[in-house]
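What follows is a set of notes on a single structure, which appears directly below.
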Amino acid sequence: MEIKAALAYTAGKPLTIETVQLAPPQAGEVLIEIKASGVCHTDAFTLSGNDPEGLFPAILGHEGAGIVVEVGADVKSLKPGDHVIPLYTPECRQCDYCLSFKTNLCQAIRGTQGRGLMPDGTSRFSINGDIIHHYMGTSTFANYTVLPEIAVAKIPEDAPFDKVCYIGCGVTTGIGAVIYTAKVEPGANVVVFGLGGIGLNVIQGARMVGANKIIGVDINPKKRALAEKFGMTDFVNPQEITGDLVAYLVDLTKGGADYSFECIGNVNTMRQALECCHKGWGVSVIIGVAGAGQEISTRPFQLVTGRVWKGSAFGGARGRTDVPKIVDWYMDGKINIDDLITHVMPIERINDAFDMMHRGESIRSVVTF
Ligand code: APR
Ligand code: ZN
């Protein structure tokens, strides 16, 4: 079938709206009509050409929501008409990773997904006979896309697509890191580095589980008001304090953070996030994605004396199991998504969404079809 897609022909160039050919879903796959898609830093990272695993041409986008239109052979858990969120981290419930219950990093289709292909090793997208790569297994910058059944979460039919699409990445990444990766307990003191789309979701996750102090660290003072609305109790601008930031945070938390979260992607703040943790038990979770080739460092004594360094991908969430729960939290008013979606625009204006992200004007832009 012919579909409309924002195509990334090559790195570093704006996307172009094209008519693309989409082959029907094969066994174990579903055809989804995408209704809305968020534009995330990871899409921008790949488009910039700095992502060593980036493949072109590709249809980017990994934060979508839509409706199942057709199912391939052997699909059991989905049917046409189901409302869904695509998952760039699938959940097969059969691989060693899924069965370990120690990680959300299902490996069932890892190899082909990384090569921009469906599990059978081919692409469903083409233009004038030339192959277009899938992206993160999702390719949501198109009005129709094909996904493996194991990479689709079913959601309630009354959930608004242009809001809950954000649960496909940013919301789950932030809230999940608190709940599933760190398992923050009530009364804990939490420090959040970076108050962007990810950090604000960490803050509302910390509030939801009943954290005590929720300290936000950001060099942009304009981030303060919204972060307070989401549950931040204390704001620290590193440029406004005198002396060492780590010592300041340890003092503010009376001994160190029980949990800290790095939501910037900067290896220096990753170190600060670890070192502001409480001796003996503080846990620091890295969420931000650092530039290719960068390395973190600290003195090993920091770990010997009980601090723990962790990372979190997709918030540690098991997509098919946990994403529907997070949609319910939104529908029940337990979490706020509306205030984070600062711009909604038609797919034709998707390059504006990237520009606003680069200028720091948006928290999240959503494109609709
Ligand atoms: N110290 C403190 N705050 C900083 C610093 C710094 N050195 N550098 C940047 N910030 C703040 C910015 O002012 C901004 O508010 O970090 C915030 C980052 O927010 P966004 O740019 O909106 O990024 P976000 O979408 O939240 O993603 C953060 O997670 O998914 C990854 O690739 C993404 O690595 C990025 C990170
Ligand atoms: Zn699996």
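I'd like the residue in segment 73-87 that is closer than 19 Å to Lys325 by Cβ and assigned to a loop (DSSP other than H, G, I, E, B) and, out of all such residues, is farthest from ligand 2 (Cβ to nearest atom). Show your work before the answer.
Just the residues of segment 73-87 that are closer than 19 Å to Lys325 by Cβ, to begin with: 77-78, 82-87.
Retained after the next criterion (residues that are assigned to a loop (DSSP other than H, G, I, E, B)): 77-78, 82, 87.
On the way: Ser77: 14, Leu78: 17, Asp82: 21, Leu87: 11 Å.
For segment 73-87, the residue satisfying everything is Asp82.
Among the listed residues Val327, Val323, Val283, which satisfies the condition of being buried (at least 21 other Cβ atoms within 10 Å of the Cβ), of a type in the set (Val, Ile, Thr), at pLDDT 95 or above and in contact with a Cys (Cβ under 7 Å, 6 or more places away or on another chain)? Write out each step before concluding.
Details: Val327 fails: in contact with a Cys (Cβ under 7 Å, 6 or more places away or on another chain); Val323 fails: in contact with a Cys (Cβ under 7 Å, 6 or more places away or on another chain).
Step by step, each of Val327, Val323, Val283 is checked, and only Val283 is buried (at least 21 other Cβ atoms within 10 Å of the Cβ), of a type in the set (Val, Ile, Thr), at pLDDT 95 or above and in contact with a Cys (Cβ under 7 Å, 6 or more places away or on another chain).
Restricting to segment 245-263, name every residue that is more than 21 Å from Ile179 (Cβ to Cβ) and within 14 Å of ligand 1 (Cβ to nearest atom).
Step one: list which residues in segment 245-263 are more than 21 Å from Ile179 (Cβ to Cβ), which gives 245-252, 254-256.
Leu245, Val246, Tyr248, Leu249, listed by residue number.
Please indicate, with yes or no, whether at least one residue in segment 88-108 is closer than 24 Å to Pro346 by Cβ and either more than 16 Å from ligand 2 (Cβ to nearest atom) or open to solvent by 10 Å² or more (accessible area, probe 1.4 Å) (or both).
Within segment 88-108, one or more residues are closer than 24 Å to Pro346 by Cβ and either more than 16 Å from ligand 2 (Cβ to nearest atom) or open to solvent by 10 Å² or more (accessible area, probe 1.4 Å) (or both).
So the check is Cβ under 9 Å with 6+ separation or different chains; which pairs have a first residue in segment 89-100 that's within 16 Å of ligand 1 (Cβ to nearest atom) and a second one that's not in a loop (DSSP other than H, G, I, E, B)?
Cβ pairs passing all conditions: Thr89/Ala151; Thr89/Phe314; Thr89/Gly319.
Considering each residue of segment 137-187, count those that are touching a Phe, Trp or Tyr at 6+ places or on another chain (Cβ under 6 Å), away from ligand 2 (no atom under 16 Å from the Cβ) and assigned to a loop (DSSP other than H, G, I, E, B), and give that number.
Of the residues in segment 137-187, 3 are touching a Phe, Trp or Tyr at 6+ places or on another chain (Cβ under 6 Å), away from ligand 2 (no atom under 16 Å from the Cβ) and assigned to a loop (DSSP other than H, G, I, E, B).
Residue by residue, here is whether (1) within 25 Å of Ile32 (Cβ to Cβ); (2) free of Cβ contacts under 8 Å to residues at least 24 places away in the same chain; (3) within 15 Å of the chain's Cα centre (by Cα) holds:
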| residue | (1), (2), (3) |
| --- | --- |
| Gly280 | no, no, no |
| Leu303 | no, yes, no |
| Gly306 | no, no, no |
| Arg349 | yes, yes, no |
| Met356 | no, yes, no |
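Got at least one residue in segment 51-72 being open to solvent by 70 Å² or more (accessible area, probe 1.4 Å), in a loop (DSSP other than H, G, I, E, B) and within 16 Å of ligand 1 (Cβ to nearest atom)? Even if it seems obvious, please write down each step before you answer.
So in segment 51-72, the residues open to solvent by 70 Å² or more (accessible area, probe 1.4 Å) come out as 52-53, 70.
Okay, now just the ones that are also in a loop (DSSP other than H, G, I, E, B), so 52-53.
Subset that is within 16 Å of ligand 1 (Cβ to nearest atom): 52-53.
Yes, some residue in segment 51-72 is open to solvent by 70 Å² or more (accessible area, probe 1.4 Å), in a loop (DSSP other than H, G, I, E, B) and within 16 Å of ligand 1 (Cβ to nearest atom).
Taking Pro25 as meeting all but one of (1) touching a Gly at 6+ places or on another chain (Cβ under 7 Å); (2) open to solvent by 60 Å² or more (accessible area, probe 1.4 Å); (3) more than 16 Å from ligand 1 (Cβ to nearest atom), write down the number of the exception.
Failing condition for Pro25: (2).
Looking at segment 109-128, which of the residues that are surrounded by fewer than 17 Cβ atoms within 10 Å (Cβ to Cβ) and either on the phi > 0 side of the Ramachandran plot or not polar (S, T, N, Q) (or both) is nearest to ligand 1 (Cβ to nearest atom)? Outline the logic, then answer.
First, the residues of segment 109-128 that are surrounded by fewer than 17 Cβ atoms within 10 Å (Cβ to Cβ): 110-111, 114-115, 120-122, 126-128.
Pick out the ones that are also either on the phi > 0 side of the Ramachandran plot or not polar (S, T, N, Q) (or both) and you get 110-111, 114-115, 120-121, 127-128.
Values: Arg110: 19, Gly111: 23, Gly114: 18, Arg115: 22, Asp120: 30, Gly121: 29, Ile127: 28, Asn128: 33 Å.
Applying the filter and picking the extreme gives Gly114.
The values are calculated or read from the model by the stated rules, or taken from the named source; none is laboratory data. Remember, it's a predicted structure, so these values are computed and weren't measured experimentally. FYI the Cβ positions are ideal-geometry reconstructions off the backbone, even for glycines, and counts take in every protein chain you see. For the accessible areas, the whole protein counts, side chains as well, though only heavy atoms, and no ligand, DNA or RNA atoms are used. Shrake-Rupley method; radii C 1.70, N 1.55, O 1.52, S 1.80 Å.
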